[in-house]
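Read the figures in this text as sums done on the coordinates, not as results from a lab. Here the structure is a predicted model, which means the values were calculated and not measured. Because the Cβ atoms are built from the backbone with ideal geometry, glycine has one as well, and the counts that use them run over all protein chains shown.
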Amino acid sequence: MIVLDIISWVLLVSGGLFCIIGGIGIIRLPDFYTRTHGASITDTLGAGLMLAGLGVQTLPHFMDGDWLILVKLMAIAAFLLITSPTSGHALVKAAYARGVRWNQGDVPLLNKKKEGEE
Amino acid sequence: MPRALVVFAVLLSTWLLWSGVYEPLTIGLGVASCAFVAWFTTRLEPGPQPKTDMGFWFRLLLYVPWLLKEIVIANLQVARVICSPSMPISPQMLRVPCGPKTPLGQTLYANSITLTPGTITLDLRDDTVLVHALSKGSSQGEMDRRCRHVEGQS
């Protein structure tokens, strides 16, 4: 199926493109916190488009009744949607707790009480 | 211990269902790894069990497509910013009031913010989320409203 192949390739290549853009973001952005935004492009649209492209490749098998591969790909997407923000949040929270500065000076504290304590 | 057995049974049935290869080695590896994970979970605290009803899952199902749409839009915005030679960013830390009140709703809200490129949640305390944003104008109002709806408020 040439049409499916074209759709699949467009998805795969654009997914790879977004992964590269995310990588460029990690290099170009100025500090730790902004760099996480670059990484999240790779995690969401980059990985998502690639999984969609792979999913289109499995459609002929799906027609033959072999739906297992597609279900696996969708499971990967679902797990990514849960694990990616978890790890991203763990990273910035650790940096925040250790007082990593951002390019505009100190990170503001969330509640005023803590400022008084320190 | 019964909980570990349930975990083992669920994991092994998932393994058998998804692997599709039924040879002694594969099944043996499956049994071993499922047993290890089941043993591992006995060392973890169960944690609080949030109360959910069918309505919650239904509303969550309706929320996900909207969130995916927002993620795609935010992706394109951040990608354009990164690729432009001048890279017009104005990073800022924002204290945003957190509308959802239940732990599940707050988790959903904070994770939605983090999953959207350009914004990331640093901390959640006293019904306020600390958000780092790549640039101005990334409004959380609509997301807040929708998360409260999924949670069951209003």
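Taken over the range B:42-65, the criterion of being part of a helix (DSSP H, G or I) and more than 9 Å from every other protein chain (Cβ to nearest Cβ) is satisfied by B:T42, B:M54, B:G55, B:F56, B:W57, B:F58, B:R59, B:L60, B:L61, B:L62, B:Y63, B:P65. Given the structure, is B:L68 without any contact (Cβ under 8 Å) to a residue 60 or more places away in the chain, within 13 Å of another protein chain (Cβ to nearest Cβ) and surrounded by fewer than 21 Cβ atoms within 10 Å (Cβ to Cβ)? The answer is yes for B:L68.
Residue-level analysis places B:P85 among those that are in a loop (DSSP other than H, G, I, E, B) and over 24 Å from A:A95 (Cα atoms). From the residues in the range B:41-57 that are surrounded by 10 or more Cβ atoms within 10 Å (Cβ to Cβ) and touching a helix residue (DSSP H, G or I) at 6+ places or on another chain (Cβ under 9 Å), which one is farthest from B:P2 (Cα to Cα)? Residue satisfying both the conditions and the ranking: B:F56. With respect to the conditions (1) out of contact with any helix residue (DSSP H, G or I) (no Cβ under 7 Å at 6 or more places or on another chain); (2) away from chain A (no Cβ under 14 Å), B:V7 lacks only one, and its number is (1). Among the residues of the range B:116-125, is there at least one that is assigned to a helix (DSSP H, G or I), within 9 Å of chain A (Cβ to nearest Cβ), of a type in the set (S, T, N, Q) and at negative phi? No; the residues of the range B:116-125 include none that is assigned to a helix (DSSP H, G or I), within 9 Å of chain A (Cβ to nearest Cβ), of a type in the set (S, T, N, Q) and at negative phi. Filter the range B:38-65 down to the residues that are of a type in the set (K, R) and free of Cβ contacts under 8 Å to residues at least 12 places away in the same chain and list them by number. Result: B:R43, B:K51.
In the range A:27-38, the count of residues that are acidic (D, E) and over 28 Å from B:S84 (Cβ atoms) is zero.
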